Amino acid sequence: MVHVTREAKPPHMDATFLPTFPPTLGYPLLFGILLVAGMLGGEGARRLGLPRVIGYVLVGFAIAPIASAMDMSPLLDHTRIFVDIALGLVLFDLGRRMDLAWMKRDWTLAAKGVAEAFITFGLVLGTLLLLDFPMLQSAIAASIAMATSPAVVLLAVQDQRAEGQVTERALNLTALNSLIASILVTMFLASAHYEAGLEPETIVLHPLYLFLGSLLMGGVLASFGRLLARQIDRAPDLHFALIVGLVVGAVGLAQSLKLSVILCLLAFGLFSRNDEGKHDLLTVDLGRGSRLFYIVLFVITGASLPLTSFEAAGWAAFAFIAARAAGKFIGVFAFAMLGGLRMRQATALGATLLPMSALALLLAHDVSQIYPQFAQQLGTVVLAGVIVMEFAGPLAMQWGLKFAGEAEPDAPAVQSAPTPPPAAPTSTGAPAAH
Amino acid sequence: MPLDFTRSEALTFGVELELMVLNTRDFNLTRGASDVLQRLAKVKHPGEVKPEITESMIEVNSSVHRKYPELLAELRLTRDAIVTEAEKLNLAIAGGGAHPFHKWSERRIFDTERFQRVSQLYGYLAKQFTVFGQHIHIGVANGDDAVYLTHQLARYIPHFIALSAASPYYQGEDTSFETSRLHAVSAFPLAGHLPEVSDWAEFNTYFDAMAGHGIVTSMKDFYWDIRPKPEYGTVEIRICDTPLTVEGAAELAAYAQTLAAELLRNRRTEAIAPLYLVYGYNRFQASRFGFQAQLADPFAGARAHVLLRDDVIATFTRLEGVARELGTWSALESMRERARAERSDAKWLRERYTETKSLNDVVRLQAARWRESARAATAV
């Protein structure tokens, strides 16, 4: 035994070991609260037969006023890091599920993707112009409308264990429209710069830097990932750590290089996809790990949706949503039959493209930073649209996957003793097989 | 009421092949059979392609043939059609006896009344039955010949197991077996072999008894390794794993045809009981050790064991005359070479795993092998 000699007791008590009041909230506590509350909300929704996402968002709605009432309004600023990591994982995963080789083999898929994105753009733009919104702002809002929420789509596919043609196409089209939307928003920022009266170099160079820089960074990271992967064993847990590390790192790097996080991570995922010939990175399932961040993402999304924008936007929000939905369905139907999709499948696919959530929010947010007029005018319409689609979207998605027959069917009640076959002594002409 | 045995031309033959439907992302089994079948229905191709018990399987039925080269040519065409249509849906197709890493619980039962009923009756066995086999049909003139041939072919079951073995991995693990698929089959209550009846009339008595107990309603309820198929007028060998290529599948069918020809020509008169005495043991040896199996010889007396590889080579050599008559010798010769080198699909799969250390990659290469031998074939 080692005896520890005690220091002499101080003459009077030092209370610094006690917390200060009120206690400060650290990231861990915050993350824990959002995660547990979100999970409970999700389960509540599921028991009502609703998609879990709706539960997460509702918890966010509930937390927002409590947080501001408790004077914890910086809460949402603190959580931005979780949002970024979560979106990083979502976009990477989505990029990884986009299959350029398939689009080459079946051109109707790419055509469908481009059609639904641009028809949506056109219809939304037209509608907003009819409502007398300014041209540039309408174009930016129309670009944001193109994007389907990657997080909602991925989560619904995971939750419903959906598999099949509609599921795969929904994922590919979502990746494609998210990509086109973020590129267009980047381009329209150039015009915003122009309106803001910046010098011509910035007008050209900034979007160019965002676009090419982000793509380049995605490509470099994918190559770097492959390089590292070659040095380690091909074990799924090692590759899981490698990928999550690179994705989180990429989010930070994109931010410090002032690149587009969205484009960077989509590109990183896309380039990491194992096309023929390159198979260094395993296709690990990020499922359970990224779920933690998904929950927090939706809770925070819910908490940051200003319900007031709804009053400000009014009917314009509904026109915006309706035009967007029409664009998605028309685009899908235009090429569905050529690609051999059944009516039922095409309808389901249209529905799965409706969700709008954090990506739209983030795009609107980024635009507003550079172009404050947007936030004051059309920004509220987009936000109000997102609020509606935050609920309607997951419902449409859930319905679509079920309608296509691709969601996992509910397990039938287990019968312990089914009735034995009838004791007919003769063989009947049963169908072939086995 | 007796089961009627449909007459068919002796030694005509055909095959059924169960195939995997895979996604191209991680090469797991996926829900895609109904979409592939829907597309195939609009394309001209020989034979028939049908659904199987789960949404991750499709079954190819060839037409009836007399000659091995015709069967091979047809299978190549069907394969090309399936591969082309599947590619448009971003799905891959592969041979092999079992998927190396899928989880049985994730499978979906194909939505037909019969499959749903099977699923209800057998519980997890039905989804576990997502394994992929080749069935070979050999035409026989009557029910008595069918019973005779079924018994005599029992002696050669280990050959078919070793020659077709292509499922060393199951549920993500190396099973140490050359074929793990047979365990999924053996779990069914009516698996096994034909009882020791000596002719069709006696078989009918047995069938009536089973039907009378309410245990079976048709031949389809017997999951035997070899069974008479009265509706088609054939004997059906159901022991083989689906090989990794259609060429392999056609060769196995050629072997079955040649063997049947020889057995029908030189009728055996020995008692059949000893065949079944060693049956289970030999079946296990072959599925565990492949060409290295030690087979108990039912007619050579106590403790007589023979190496499966040597028995296969000796049988091919013995069949050469008949094979040349039937035009199957090239198939048998190629299989004899493989047996000499002890090359099997199971070995090929294990080698790919050693190279890639990833079962996803093994399945990707498996699908490429299925697809590319198709292109090589059309190029020739």
task: Output the residues belonging to segment A:166-217 that are among the charged types (D, E, K, R), modelled with pLDDT under 80 and outside any loop (DSSP other than H, G, I, E, B).
output: A:Glu195, A:Glu201
- prompt: Is there any pair with a first residue in segment A:316-327 that is aromatic (Phe, Trp, Tyr) and a second that is crowded, with 20+ Cβ neighbours inside 10 Å whose Cβ atoms are under 6 Å apart and which are 6 or more apart or on different chains, and what are they?
  reply: A:Phe320/A:Val381; A:Phe320/A:Gly385
- prompt: Do we find a residue being at positive phi, surrounded by fewer than 20 Cβ atoms within 10 Å (Cβ to Cβ), touching a Phe, Trp or Tyr at 6+ places or on another chain (Cβ under 8 Å) and within 14 Å of chain A (Cβ to nearest Cβ) anywhere in segment B:201-216?
  reply: no
task: For segment B:38-134, please list each of the strands (runs of 3 or more DSSP E) lying entirely inside it that holds at least 3 residues being among the aliphatic types (A, V, I, L, M).
output: B:57-61, B:91-94
message: Of the residues A:Phe92, A:Phe121, A:Phe82, only one is more than 28 Å from A:Leu253 (Cα to Cα) and surrounded by 17 or more Cβ atoms within 10 Å (Cβ to Cβ); which?
response: A:Phe121
task: Just name the residue that is surrounded by the fewest Cβ atoms within 10 Å (Cβ to Cβ) out of those in segment A:137-165 that are within 14 Å of another protein chain (Cβ to nearest Cβ) and part of a helix (DSSP H, G or I).
output: A:Gln158
task: Please find, among B:Thr12, B:Thr6, B:Thr30, the residue that is out of contact with any strand residue (DSSP E or B) (no Cβ under 7 Å at 6 or more places or on another chain) and in contact (Cβ under 8 Å) with a residue 24 or more places away in the chain.
output: B:Thr6
- request: Could you name every one of the helices (runs of 4 or more DSSP H) located completely within segment B:237-315 that has at least 2 residues being under 19 Å from the mean Cα position of the chain (by Cα) and surrounded by fewer than 18 Cβ atoms within 10 Å (Cβ to Cβ)?
  value: B:279-289
statement: Residues in segment B:41-92 that are charged (D, E, K, R) and more than 14 Å from every other protein chain (Cβ to nearest Cβ) total 8
- prompt: Within the bounds of segment A:64-85, is there any residue that is modelled with pLDDT of 85 or more and among the small types (Gly, Ala, Ser)?
  reply: no
query: Which numbered condition trips up A:Ala45, out of (1) farther than 24 Å from A:Met397 by Cβ; (2) at pLDDT 75 or above?
result: (1)
- request: Mind listing whichever residues of segment B:316-369 are within 14 Å of chain A (Cβ to nearest Cβ), more than 15 Å from B:Gly248 (Cα to Cα) and surrounded by 15 or more Cβ atoms within 10 Å (Cβ to Cβ)?
  value: B:Arg352, B:Tyr353, B:Thr356, B:Ser358, B:Leu359, B:Asn360, B:Asp361, B:Val362, B:Val363, B:Arg364, B:Leu365
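Quick grid of which residues meet (1) modelled with pLDDT of 85 or more; (2) loosely packed, with under 14 Cβ neighbours inside 10 Å; (3) of a type in the set (Gly, Ala, Ser):
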| residue | (1), (2), (3) |
| --- | --- |
| A:Val244 | yes, no, no |
| A:Ala250 | yes, no, yes |
| A:Leu259 | yes, no, no |
| A:Ile262 | yes, no, no |
| A:Leu270 | yes, no, no |
| A:His279 | no, no, no |
query: From the set of residues in segment A:330-346 that are touching a residue at least 24 places away in the same chain (Cβ under 8 Å) and in a helix (DSSP H, G or I), which is nearest to the other protein chains (Cβ to nearest Cβ)?
result: A:Gln345
- prompt: Tell me, which residue of segment B:219-258 that is hydroxyl-bearing (Ser, Thr, Tyr) and in contact with a helix residue (DSSP H, G or I) (Cβ under 9 Å, 6 or more places away or on another chain) is farthest from the other protein chains (Cβ to nearest Cβ)?
  reply: B:Thr258
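The values are calculated or read from the model by the stated rules, or taken from the named source; none is laboratory data. Note that the structure is a prediction, hence the values are computed from the model and not measured. Backbone-built Cβ (ideal geometry, glycine too); neighbour counts: all protein chains shown.
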